[in-house]
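One structure is given below, encoded as structure tokens.
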Amino acid sequence: MKYYSFFPGCSAESTGLGLGLSAEAIAEPLDMELVELEDWNCCGSTPYGSLAEEESIAVAARNLALAEKRGLDLVTPCSSCYVTLSKANRHLQEHPTLLAQVNEALAVADLEYHGSIRVRHIVYVLYNDITPESIASKIKWGLDGLKIAPYYGCQLVRPDYGLDDTEFPHTLDRLVECLGAEAVDFPLKARCCGGSLTLSEEDRVLGLIRSLLQSAAENGAQCLVTPCPLCQTNLDAYQSRVNARFKTSYKLPVLFITQLIGLALGIEAKSLGMNTNIVSPREVLDYIYNRINYMTTHQKVDKRG
Amino acid sequence: MEPRIGVFICHCGSNIAGTVDCEEVARFAGGLEGVAVARDYKFMCSDPGQELIKKDIRELGLNRVVVASCSPTMHEPTFRRAIQEAGLNPYFFEMANIREHVSWVSVDKLKATERAKALVAAAVRRVYYHQPLESREVDINPNTLVVGGGIAGIQAALKIADSGNKVYLVDKNPSIGGHMAQLDKTFPTLDCSACILTPKMTLAGSHPNIELLTYSEVEEVSGYVGNFKVKIRKRARYIDLGKCTGCGRCVDICPVKVPDEFEQGLSQRKAIYKPFAQAVPNKVLIDPENCLHLKGLAKGKDVCRLCQKGVKGGIIGCETGAIDFEQQDEVIEVEVGSVIVATGFKLFDPGVIYQYGYGRLENVITSLEFERIVNSAGPTSGHIVLKDGSEPQSIALIHCVGSRDEQYHEYCSRVCCMYSMKFAHLIKEHTSAEVYEFYIDIRSFGKGYEEFYNRILEEGTVFIRGKPAEVTNIAETREEEGKLIVQFEDTLVGKQRRLPVDMVVLSCGLEPPGDVEAVGRMFNISRSADGFFLEKHPKLDPVATMTDGIFLAGCCQGPKDIPDTVAQALAAAAEALAMISRGKVEVEAATAIINEKLCTGCQLCKNVCPYSAISFDEEKKVCRVNEALCKGCGACVGGCPGDAISLSHYTNEQILAQMEGALT
């Protein structure tokens with residue numbers, strides 16, 4: 001069993017409910033214990049940092065200080081939280097004066113941070129600690145034949161924390177493949193989804209989303225998989241608007257990687273929050289279950305490991 | 001004889017004196033036991049500097065000398081010669097390296113001075129125990145081995161062979177010619193590469209003093225300067241070279257088609273094939289991995305053999321009986337006095353730069369592929385066409401692919417700017433396409449190069465300063481549809497731009513070939529940080545290596561263009577010829593000595609000796625060192641379990657004294 005402090009982030013409890021549910025659901029079968037950070041607060045996200053950098057770092061630092069008490073790596077399933085917390089952590093580790101200032105603020109809440117915590121994204125934990133090989137040995141049934149476009153988005157790989165190629169990342173591809181599914185060629189895998197510009201520049205963002213969907217569809221993907229709740233929301237919730245705007249008819253479910261792993265582990269779709277996905281993942285589920293039924297009736301359950 | 005030691009501290013201009021207080025070090029050395037005189041001087045290696053040492057030896061009766069200056073690899077021979085000229089045995093000398101080991105790596109002057117003192121004290125204590133040694137001379141074998149048959153190897157081999165000396169020219173490919181044989185034109189004069197290379201290849205193939213060993217690889221090198229023994233594996237071609245006339249009939253009959261390496265996989269060759277039209281030797285060979293008969297033989301079946309038998313009612317098979325499916329690899333041993341390593345380069349594989357789409361997007365090609373496409377003997381007969389056969393309307397050339405990029409190679413590959421501009425010229429000559437050169441900086445440094453750059457500018461090629469971020473086929477506008485779009489920052493305008501084109505040529509850099517490590521180990525050549533072979537001195541000894549008798553030529557030492565390669569090849573030939581005409585070479589006097597009283601005859605030392613210099617005396621049951629073969633590496637000293645071997649000039653007494661000196 002591997003132990004981690006868990007920072008769900010706000011999305012995993014709201015717009016990206018499926019992310020939070022599935023991350024927790026797959027933890028046990030994969031021998032991870034995600035201990036939720038008690039009394040965690042907003043990571044600060046990008047907007048705060050753009051307006052008031054020092055204050056935003058202090059806000060993030062409160063979470064780091066809480067995690068340091070327990071001493072475990074701080075794991076988050078959200079790409080935005082990952083970048084924000086990592087950035088704050090690096091600033092604090094590299095600039096003692098800033099650390100002193102922040103600690104002055106934290107002292108009010110009886111907290112102190114020393115810079116000893118590692119901030120990690122759940123994708124890298126799955127890839128480096130749990131490893132694709134071990135996941136492959138634990139899945140209940142392979143997702144063979146399922147064609148998936150692995151979508152990293154920007155914040156998982158940029159700025160560069162040295163974990164994956166910033167232009168051509170591959171960790172997510174390997175995770176998809178270890179489940180038996182096929183990761184299709186997806187040249188836009190690390191391209192911007194538009195982020196929060198959906199609120200202010202919708203037209204522009206619809207164009208970005210459209211090219212992502214188009215590229216995934218052209219490469220034969222049956223669905224997209226992403227770790228990022230912001231990407232997931234944009235691609236999932238705005239898909240119908242893209243269709244209306246460009247007279248297209250995309251119907252590509254956008255799953256969280258944790259949901260996909262959960263499906264392969266044999267976890268019930270509802271426990272993975274699949275009912276909260278907007279573009280219905282029904283066809284993908286049918287594909288998986290039909291295959292399993294077929295295999296079962298033919299006495300050849302594809303059990304790995 | 002009571003030691004009278006002279007200590008000479010060099011300032012090396014400000015190289016040492018800038019960080020080390022040389023006067024203070026000299027004062028300190030003057031107080032050490034056995035030191036008769038200690039001086040500091042601006043440049044010890046200069047004539048007046050050497051004269052100073054000689055004068056002191058004569059006038060003060062010095063019998064030991066310590067010079068504290070640079071690395072012994074730089075000037076030990078200089079100072080040994082100087083004291084020899086003053087009448088001392090050259091081994092009564094010790095060098096303290098206070099430049100590379102102290103001043104160049106220190107900032108704090110006080111600490112640096114202390115460290116310099118420690119090194120000087122160590123040298124003084126050591127030289128106290130030095131013994132006179134006699135250096136020996138050995139004869140030089142006048143034969144030379146040239147490894148690699150590209151333009152560098154060919155040029156060096158021809159020059160040496162013309163002087164009347166024998167050369168073994170080894171190439172692992174079935175033909176000599178190297179990369180230059182694949183090029184179309186050469187910058188800046190636009191000579192046809194084959195036209196200037198082929199006569200030299202033919203000459204090398206027919207020269208009475210050159211033994212051509214193609215499709216062969218060096219397997220083992222032993223011996224030392226002047227007397228190397230080299231094992232070479234001649235791979236089976238399954239063709240009797242004496243009988244093959246190169247008529248090519250067998251090639252026409254062969255039913256197997258595989259990608260042609262020479263054409264960069266852009267066209268196909270047969271399983272029995274001639275590497276290219278002007279190949280030297282102009283003979284065929286069989287590729288055992290694809291030949292139906294040879295593959296069948298492995299399974300005990302007799303299939304195909306059409307090249308031998310001919311086709312019923314059609315072309316007849318090989319008339320001279322040159323095809324020999326039974327042929328085996330052959331290992332030969334040759335003896336040579338020196339070796340010229342000219343193993344060339346490998347083109348950077350742009351597939352790893354995913355965002356440029358090589359291997360993923362059609363019509364994104366490498367520079368070497370473009371050389372073949374534009375070559376009239378190439379797969380498209382010199383027509384610049386897209387994968388669908390149509391002529392491109394616009395072509396982007398991306399410079400510095402894999403070069404000047406910290407993620408891949410930090411160095412500049414030195415040829416890409418020029419060959420890219422050559423491409424621009426050839427495209428304008430062959431088509432009406434627009435040409436865009438994406439560059440970081442234009443480096444046109446050679447003779448006639450800047451003039452060539454100006455010519456290309458005048459021809460109307462568009463130069464865009466900015467390294468593209470991406471080549472994509474995902475269109476954002478109608479004009480971009482069906483095109484390759486280059487996304488880049490135009491750094492002269494300061495704007496992000498997109499440019500739709502039909503073809504993208506990646507001007508890939510040069511990198512060391514895949515087997516560079518193995519070759520380096522075999523010939524005992526070090527490599528620099530960029531992975532290429534390291535020359536003895538970057539400025540003053542650019543073709544020699546740290547191993548005596550092994551020389552470098554061409555791109556295996558670093559990326560370079562043809563003129564520089566040829567110049568370096570001729571320099572390497574001159575080095576080899578200088579050795580040959582001297583006839584003798586002085587070898588290290590420091591050799592291992594076995595104390596026969598202590599030797600138990602276990603022969604461990606015999607097994608560890610890399611120079612096969614140790615033999616076993618069956619009668620006395622002890623091991624002996626052949627001093628002519630011993631290089632003084634010391635491996636046997638460490639390997640001897642009975643402490644029976646000592647190394648002259650590296651005795652326990654000397655090394656312990658040196659350590660004591662450094663520590664007190």
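The values are calculated or read from the model by the stated rules, or taken from the named source; none is laboratory data. Everything quoted here is computed from the prediction, not taken from an experiment. In this analysis, Cβ positions are derived from the backbone assuming ideal geometry, glycine residues included, and neighbour counts consider all displayed protein chains.
Taking region A:68-80 as the range and being in contact with a helix residue (DSSP H, G or I) (Cβ under 8 Å, 6 or more places away or on another chain) and either surrounded by fewer than 21 Cβ atoms within 10 Å (Cβ to Cβ) or not aliphatic (A, V, I, L, M) (or both) as the test, the residues that pass are A:73, A:76, A:77, A:78, A:79, A:80. If you go through region A:109-123 one residue at a time, do you hit one that is closer than 24 Å to residue A:83 by Cβ, within 14 Å of chain B (Cβ to nearest Cβ) and buried (at least 17 other Cβ atoms within 10 Å of the Cβ)? No, the conditions are met nowhere in region A:109-123.
Within region A:221-267, the set of residues being surrounded by fewer than 17 Cβ atoms within 10 Å (Cβ to Cβ), touching an Asp or Glu at 6+ places or on another chain (Cβ under 9 Å) and in a loop (DSSP other than H, G, I, E, B) comprises just one member, A:251.
Just one of the numbered conditions (1) among the small types (Gly, Ala, Ser); (2) more than 14 Å from chain B (Cβ to nearest Cβ); (3) touching a residue at least 24 places away in the same chain (Cβ under 8 Å); (4) surrounded by fewer than 20 Cβ atoms within 10 Å (Cβ to Cβ) is not true of residue A:217: (2).
Residue A:162 passes every criterion in (1) within 14 Å of another protein chain (Cβ to nearest Cβ); (2) surrounded by 18 or more Cβ atoms within 10 Å (Cβ to Cβ); (3) not aromatic (Phe, Trp, Tyr) apart from (2). Any residue that is at pLDDT below 95, farther than 26 Å from residue B:290 by Cβ and crowded, with 20+ Cβ neighbours inside 10 Å - is there at least one of those in region B:228-236? Yes.
Checking the stated criteria, residue B:528 turns out to be farther than 30 Å from residue B:361 by Cα and small (Gly, Ala, Ser).
Scanning region B:158-199 for residues that are surrounded by fewer than 22 Cβ atoms within 10 Å (Cβ to Cβ), within 15 Å of residue B:377 (Cα to Cα) and charged (D, E, K, R) yields one hit, B:185. When residue A:149 is tested against (1) away from chain B (no Cβ under 14 Å); (2) touching a helix residue (DSSP H, G or I) at 6+ places or on another chain (Cβ under 7 Å); (3) not in a loop (DSSP other than H, G, I, E, B), only condition (1) is not met.
In this structure, residue A:204 does satisfy being at pLDDT below 95 and of a type outside the set (S, T, N, Q).
Candidates B:74, B:95: the one that is of a type outside the set (S, T, N, Q) and at pLDDT 95 or above is B:95.
Across region A:191-203, the qualifying residues are those that are more than 17 Å from the chain's Cα centre (by Cα) and part of a loop (DSSP other than H, G, I, E, B), and the one among them that is nearest to the other protein chains (Cβ to nearest Cβ) is A:201. For region B:75-98, filtered to residues that are part of a helix (DSSP H, G or I) and either touching a Gly at 6+ places or on another chain (Cβ under 6 Å) or in contact (Cβ under 8 Å) with a residue 12 or more places away in the chain (or both), the residue that is surrounded by the fewest Cβ atoms within 10 Å (Cβ to Cβ) is B:85. I'd like to know if region B:460-468 contains one or more residues that are in contact (Cβ under 8 Å) with a residue 24 or more places away in the chain, aliphatic (A, V, I, L, M) and part of a loop (DSSP other than H, G, I, E, B). No: region B:460-468 contains no residue that is in contact (Cβ under 8 Å) with a residue 24 or more places away in the chain, aliphatic (A, V, I, L, M) and part of a loop (DSSP other than H, G, I, E, B).
In region A:167-179, of all residues being more than 16 Å from the chain's Cα centre (by Cα) and either crowded, with 18+ Cβ neighbours inside 10 Å or among the acidic types (Asp, Glu) (or both), the one that is farthest from the other protein chains (Cβ to nearest Cβ) corresponds to A:179. Just one of the listed residues (B:414, B:443, B:372) is under 27 Å from the mean Cα position of the chain (by Cα) and on the phi > 0 side of the Ramachandran plot, and it is B:414. Out of B:496, B:487, one residue alone is loosely packed, with under 15 Cβ neighbours inside 10 Å, in a strand (DSSP E or B) and within 14 Å of another protein chain (Cβ to nearest Cβ). It is B:496.
All of (1) touching a Ser or Thr at 6+ places or on another chain (Cβ under 8 Å); (2) more than 20 Å from residue B:369 (Cα to Cα); (3) within 14 Å of chain A (Cβ to nearest Cβ) hold for residue B:411 with one exception: (3).
Taking the residues in region B:294-323 that are of a type in the set (Val, Ile, Thr), out of contact with any Leu (no Cβ under 7 Å at 6 or more places or on another chain) and in a loop (DSSP other than H, G, I, E, B) as candidates, determine which candidate is farthest from residue B:283 (Cα to Cα). Ranking the candidates gives B:311 first.
What are the residues in region B:426-482 that are within 14 Å of chain A (Cβ to nearest Cβ), touching a Leu at 6+ places or on another chain (Cβ under 8 Å) and closer than 23 Å to residue B:414 by Cα, if any? Answer for region B:426-482, where residues must be within 14 Å of chain A (Cβ to nearest Cβ), touching a Leu at 6+ places or on another chain (Cβ under 8 Å) and closer than 23 Å to residue B:414 by Cα: there is none. I'd like to know if region A:62-77 contains one or more residues that are in a helix (DSSP H, G or I), over 26 Å from residue A:19 (Cβ atoms), outside the structural domain of residue A:255 (by TED's automatic domain parsing) and without any contact (Cβ under 8 Å) to a residue 60 or more places away in the chain. No, every residue in region A:62-77 fails to be in a helix (DSSP H, G or I), over 26 Å from residue A:19 (Cβ atoms), outside the structural domain of residue A:255 (by TED's automatic domain parsing) and without any contact (Cβ under 8 Å) to a residue 60 or more places away in the chain. For region A:35-61, a residue qualifies if it is loosely packed, with under 15 Cβ neighbours inside 10 Å, among the hydrophobic types (A, V, I, L, M, F, W, C) and either in contact (Cβ under 8 Å) with a residue 40 or more places away in the chain or in a loop (DSSP other than H, G, I, E, B) (or both), and exactly one does: A:52. Can you name the residue in region B:592-607 that is in contact with a helix residue (DSSP H, G or I) (Cβ under 9 Å, 6 or more places away or on another chain) and either within 14 Å of residue B:643 (Cα to Cα) or surrounded by fewer than 15 Cβ atoms within 10 Å (Cβ to Cβ) (or both) and is also modelled with the lowest pLDDT among such residues? It comes out as B:607. Within the option set A:126, A:206, A:156, A:188, being more than 12 Å from every other protein chain (Cβ to nearest Cβ), touching a Ser or Thr at 6+ places or on another chain (Cβ under 9 Å), in contact (Cβ under 8 Å) with a residue 12 or more places away in the chain and in a loop (DSSP other than H, G, I, E, B) holds for one residue only, A:156. On the stretch given as region B:361-400, residues that are β-branched (Val, Ile, Thr) and within 14 Å of chain A (Cβ to nearest Cβ) total 1. Among residues of region B:347-360 that are more than 8 Å from chain A (Cβ to nearest Cβ) and of a type in the set (Asp, Glu), those with a Cβ under 9 angstrom from a residue that is crowded, with 19+ Cβ neighbours inside 10 Å and not in a strand (DSSP E or B), sequence gap 6+ or separate chain, pair up as B:349/B:358; B:349/B:402.
Scanning region B:244-280 for residues that are in contact with a Gly (Cβ under 6 Å, 6 or more places away or on another chain) and surrounded by fewer than 21 Cβ atoms within 10 Å (Cβ to Cβ) gives a single hit, B:259.
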